[in-house]
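Participant: The structure follows.
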Amino acid sequence: MNLDELVEAAWGVRDRAYAPYSKFHVGAALLAKDGRVFCGCNVENLSFGLTNCAERVAVGAAVAAGVREFERVVVVADTTVPISPCGACRQVLAEFGVPEIVLVNRVERLVFRLEELLPRASAGILDSADGK
Ligand code: THU
């Protein structure tokens with residue numbers, strides 16, 4: 001699937017966002033190495049901290065389908081500047097090494113490498129966890 005198609009998929013799933021509190025709708029489309037696409041929208045909760053962002057919903061759908069290797073993710077929102085993924089989502093994208101992150105609004109696309117958005121994501125973590 002090319003980038004235009006992935007962007008379309010992200011706009012499509014954005015329509016399903018459950019965002020009664022923020023009214024801010026986000027869509028994410030995650031392209032796997034095997035060519036499959038996994039989509040997610042934000043899913044809010046009355047207990048605000050339980051909200052799931054679109055990116056993490058997409059990653060969860062992929063992992064639940066047995067897929068863990070990815071090419072890129074597209075994130076869309078109807079914003080004045082392309083949306084910036086939250087820190088938690090950057091960490092989750094880093095967990096699966098999603099190499100390219102494309103941030104999209106109605107007029108613009110910004111392309112980032114994961115390393116640019118979350119430098120040194122996992123350096124040292126659990127290194128020497130046995131305490132030696
Ligand atoms: N949100 C996402 O789904 N992805 C982002 O990259 C940023 C924010 C959602 C979470 C919440 O439902 C709403 O947008 C406002 O923060």
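Participant: Would you tell me the accessible area of F48, worked out with a 1.4 angstrom probe on the heavy atoms of the protein chains, in Å² to the nearest 10?
Facilitator: 140
Participant: Continuing with the same structure: Show me the three semi-axes of the equivalent ellipsoid for the chain, from the C-alpha gyration tensor (sqrt of 5 times each eigenvalue), largest first, rounded to whole Å.
Facilitator: 24, 18, 15
Participant: How many percent of Cα pairs in the range 32-82 exceed 14 Å?
Facilitator: 57
Participant: Report, please, the projected area of the range 69-126 averaged over directions, based on the convex hull of its C-alpha atoms, in nm².
Facilitator: Numbers: hull surface 16.3 nm².
Dividing the Cα hull surface by four gives the mean projection, 4.1 nm².
Participant: Right, next: Could I have the simple spin-label model distance between N105 and K33, label points 7 Å from Cα toward Cβ, reported in nm to one decimal?
Facilitator: 3.5
Participant: Could you look at the range 84-132 and say what percent of its accessible area is carbon and sulfur, using a 1.4 Å probe and all protein chains?
Facilitator: Using a 1.4 Å probe with all protein chains present, the range 84-132 comes out at 52 percent carbon and sulfur.
Participant: What are the ³J(HN,Hα) values, in whole Hz, obtained from phi via the Karplus relation 6.51 cos²θ - 1.76 cosθ + 1.60 with θ = phi - 60°, for each residue of the range 41-52 in sequence order, with x given for Gly and Pro?
Facilitator: So the J values, rounded to whole Hz, are 10, 6, 10, 8, 9, 4, 8, 3, x, 8, 4, 9.
Participant: Using only Cα atoms, locate the centre of the range 51-80 and the centre of the range 85-132, then give the distance between them in Å, rounded to an integer.
Facilitator: 13
Participant: Give me the accessible area of S22, 1.4 Å probe, in Å² rounded to the nearest 10.
Facilitator: Roughly 60 Å² of S22 is accessible to a 1.4 Å probe.
The values are calculated or read from the model by the stated rules, or taken from the named source; none is laboratory data. These figures come from a predicted structure and were not determined experimentally. Quick reminder, even Gly has a Cβ in these numbers, built from the backbone with ideal geometry, and neighbours come from all protein chains shown. Side chains are part of the model used for accessible areas, which takes the heavy atoms of the whole protein and leaves out ligands, DNA and RNA. Shrake-Rupley method; radii C 1.70, N 1.55, O 1.52, S 1.80 Å.
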